[in-house]
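S.K.: Please read through the structure below; I'll follow up with questions.
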Amino acid sequence: MPYQYLHDTEKYSGQVKLVHTLNGGTTVEGYVAGIPFPNIDPKEPDVGAKLMWDNYYEYTPEFEYFYAALHQVDRYKNISHFYSHYIQTLLDGISEPVPTANPIGKGYRLVDTSIITEPEQSKYTTSMVLLPSDPSKVSEIYVFLPSLRRSLRTEPRHRLYLRRQSGWFWRCAQLFHSKIPRRKEDPCYLSFKQCL
C-alpha cells in the first residue's frame, strides 16, 4: 500500500465511527482518508460491516485512466465491439501527497467518466457518475447521447435498462456505491483465513 495511505490510516482512523442507520444499515462518520477500521477484532458484533467499509474506502489513486475494449456475443453469435476511455477522479479522501479533498468537488467523493469511441453509431456517448461523499446519498448519473444532442440525468434504478439498450452502461453496475446496503442486510464475518 502507498505510504501516504498508511500514514492517513494512522492519523485519521481513530476518529472514524460506525453508525447504525434507522433502516438497519450502517454508515461511517468522521472519515477523512486511509482505512477507516484498520484493527478489527473478529469477536466484535459489527465485524462484517467494518470490513465492508474498509473495502468501500480502499486505496484509489487521485486520477486513473484506462482504455477498454469490450466484445459482446449475442445468441446468434454476432460479435459487437465497444471501445471506451474511462477516467476516474477522486475528489475526497485523497491519500496522495496533496490535501485530502479537492475543493472543486465539494460534497462528492468520486467522478467516473466514460466516453465511447467505437462503434460509430455510439461514438461520443458519454456517461458521468458522481458519487457523493456521504455514502447514504444516491449517486448522480448523467449521460450525453449524441443521437439526441443533449445530456440526460438518469437514476441508478435505470442502470439495467440503459445497459440493455446500448451496452455502454455496464461500468455503473460495478461502482462502489452498489456495495452499500440500503436496507436491513447484515454483513457478517464468517472466519479468518491465512493466505500464502
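The numbers here are math on the coordinates, done by the rules we state, and not lab data. Computed from a prediction, not measured in an experiment: that's the story for all the values here. A quick note on method: Cβ atoms are made from the backbone with ideal geometry, for glycine too, and the neighbour counts reach across all protein chains shown.
S.K.: Kindly list the number of the only condition in (1) in contact with a Gly (Cβ under 9 Å, 6 or more places away or on another chain); (2) under 27 Å from L152 (Cβ atoms) that fails for A49.
M.R.: (2)
S.K.: Filter the stretch 98-117 for residues that are surrounded by 10 or more Cβ atoms within 10 Å (Cβ to Cβ) and assigned to a loop (DSSP other than H, G, I, E, B) and give the result.
M.R.: Of everything in the stretch 98-117, those that are surrounded by 10 or more Cβ atoms within 10 Å (Cβ to Cβ) and assigned to a loop (DSSP other than H, G, I, E, B) turn out to be V98, T100, N102, K106, G107.
S.K.: Restricting attention to the stretch 121-133, does a residue exist that is surrounded by 12 or more Cβ atoms within 10 Å (Cβ to Cβ) and closer than 26 Å to Y3 by Cβ?
M.R.: yes
S.K.: Can you list residue pairs whose Cβ atoms sit under 8 Å apart, with the first residue in the stretch 76-99 being farther than 24 Å from I115 by Cα and without any contact (Cβ under 8 Å) to a residue 60 or more places away in the chain and the second being surrounded by 10 or more Cβ atoms within 10 Å (Cβ to Cβ) and among the aliphatic types (A, V, I, L, M)? Count only pairs 6 or more apart in sequence or on different chains.
M.R.: Pairs found: none.
S.K.: Next question, about the same structure. Within the bounds of the stretch 65-85, is there any residue that is within 30 Å of E29 (Cβ to Cβ) and among the charged types (D, E, K, R)? Outline the logic, then answer.
M.R.: In the first step, residues of the stretch 65-85 are kept if they are within 30 Å of E29 (Cβ to Cβ); the result is none.
Scanning the stretch 65-85 turns up no residue that is within 30 Å of E29 (Cβ to Cβ) and among the charged types (D, E, K, R).
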